[in-house]
Amino acid sequence: MKKMLKISLFIALFAATSVAYSQISIGAKAGLNLANVLTDDDEADPKMLPSFQVGVVVELGLTESVAIQTGASVQGKGFKEESEFLGEKFTFKAMPMYVQVPAHIVYNGSGFFVGAGPYVAFGIGGKFKAEGGGNSDSESISFGNSDTDDMAPLDFGIGAQAGVNVGPVKIGAGYDFGLAQIIPKDQRGDGSPSVKNGVINVFVSYFFGQ
C-alpha cells in the first residue's frame, strides 16, 4: 500500500511541477465494466458481472505526445456466482460501487493512444443481491475493516488502457488489476482467502474544447 501511494504521489508531484508547461484538457468519460474478483479460494467460482463507469477525465500534456491522465469516476465492480439446487437456479451478485482516481502516463500517437499507471478507489455504496426459486432479496454493502463489515473500504492497483483517437474523442479498452485485499482487515487471518478486484472496461471519452 505504501509503495502504491509513493508511486501516485511521485506522479502527482511530477504533474504539479509540469503544469506551467502543460496543456490541460478536461473531458467526460463513460463505459461498460466487466467486473470479477481474483481469488485463490478453490471452492469459489466467481463469474463476470456487467456494470458501468462514468466520470470526469483530465489530461495534463507534458509534451506533444505524452500526458498524465487523472480524474475521478464512479466505478461498478464485483462478481456473481451461480448454482443449482433441486432443479432451481440461484444467482448471488456482489455489486460494490467505488469512486476511483487514476494516475496514468498516456502516449497519444497518430490516431491511437496507450497508457498505464496506478489507481486508488474508495467504496461508496452498492448492494448484494440474491435471486432464485422465484424470490429475490438484496441488502446494502457495508464498507469498513471490522468484523461486521462486508468489504474493505480501499481498493488500489494498476490499470492499463489502449484505443483510438478520433478528434476530441477517445474510444478504448482497458484492465484494472487490483492489488488490495477487499476482505475487511479484521476478518483476515491465517488461511483466509485472497480476494481482489479485476475489471475489464470499454469506454468513450470526449474532451471539451479540442
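The values are calculated or read from the model by the stated rules, or taken from the named source; none is laboratory data. If you're wondering where the values come from, they're calculated on a predicted model, not measured in any experiment. Cβ placement follows ideal geometry from the backbone for every residue including glycine, while neighbour counts extend to all protein chains displayed.
Key figures for this structure:
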{"quantity": "Count of segment 56-112 residues which are of a type in the set (Asp, Glu) and farther than 23 Å from residue 182 by Cα", "calculated": "4"}
{"quantity": "Enumeration of residues in segment 186-195 that are under 17 Å from residue 40 (Cα atoms) and surrounded by fewer than 18 Cβ atoms within 10 Å (Cβ to Cβ)", "calculated": "187, 188, 189, 190, 191, 192, 193, 194"}
{"quantity": "All positions within segment 93-141 that are within 21 Å of the chain's Cα centre (by Cα) and modelled with pLDDT under 95", "calculated": "none"}
{"quantity": "Residue list for segment 32-54, restricted to those being within 12 Å of the chain's Cα centre (by Cα) and either of a type in the set (A, V, I, L, M, F, W, C) or farther than 28 Å from residue 193 by Cα (or both)", "calculated": "32, 34, 35, 37, 52, 54"}
{"quantity": "Flag if residue 170 is over 21 Å from residue 38 (Cα atoms) and either at pLDDT below 95 or in a loop (DSSP other than H, G, I, E, B) (or both)", "calculated": "no"}
{"quantity": "Counted residues, segment 173-210 - those being of a type outside the set (A, V, I, L, M, F, W, C) and not in a loop (DSSP other than H, G, I, E, B)", "calculated": "13"}
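Results for (1) touching a residue at least 24 places away in the same chain (Cβ under 8 Å); (2) among the acidic types (Asp, Glu); (3) surrounded by 14 or more Cβ atoms within 10 Å (Cβ to Cβ), shown as yes or no for each residue.
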| position | (1), (2), (3) |
| --- | --- |
| 79 | yes, no, yes |
| 84 | no, yes, no |
| 95 | yes, no, yes |
| 98 | yes, no, yes |
| 102 | yes, no, yes |
| 106 | yes, no, yes |
| 113 | yes, no, yes |
| 118 | yes, no, yes |
| 131 | yes, yes, yes |
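For (1) among the β-branched types (Val, Ile, Thr); (2) under 21 Å from residue 120 (Cβ atoms); (3) touching an Asp or Glu at 6+ places or on another chain (Cβ under 7 Å), each residue gets a yes or a no:
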{"position": "140", "(1), (2), (3)": "no, no, no"}
{"position": "144", "(1), (2), (3)": "no, yes, no"}
{"position": "149", "(1), (2), (3)": "no, yes, no"}
{"position": "154", "(1), (2), (3)": "no, yes, no"}
{"position": "160", "(1), (2), (3)": "no, yes, no"}
{"position": "165", "(1), (2), (3)": "no, no, no"}
{"position": "171", "(1), (2), (3)": "yes, no, no"}
{"position": "176", "(1), (2), (3)": "no, yes, no"}
{"position": "180", "(1), (2), (3)": "no, yes, yes"}
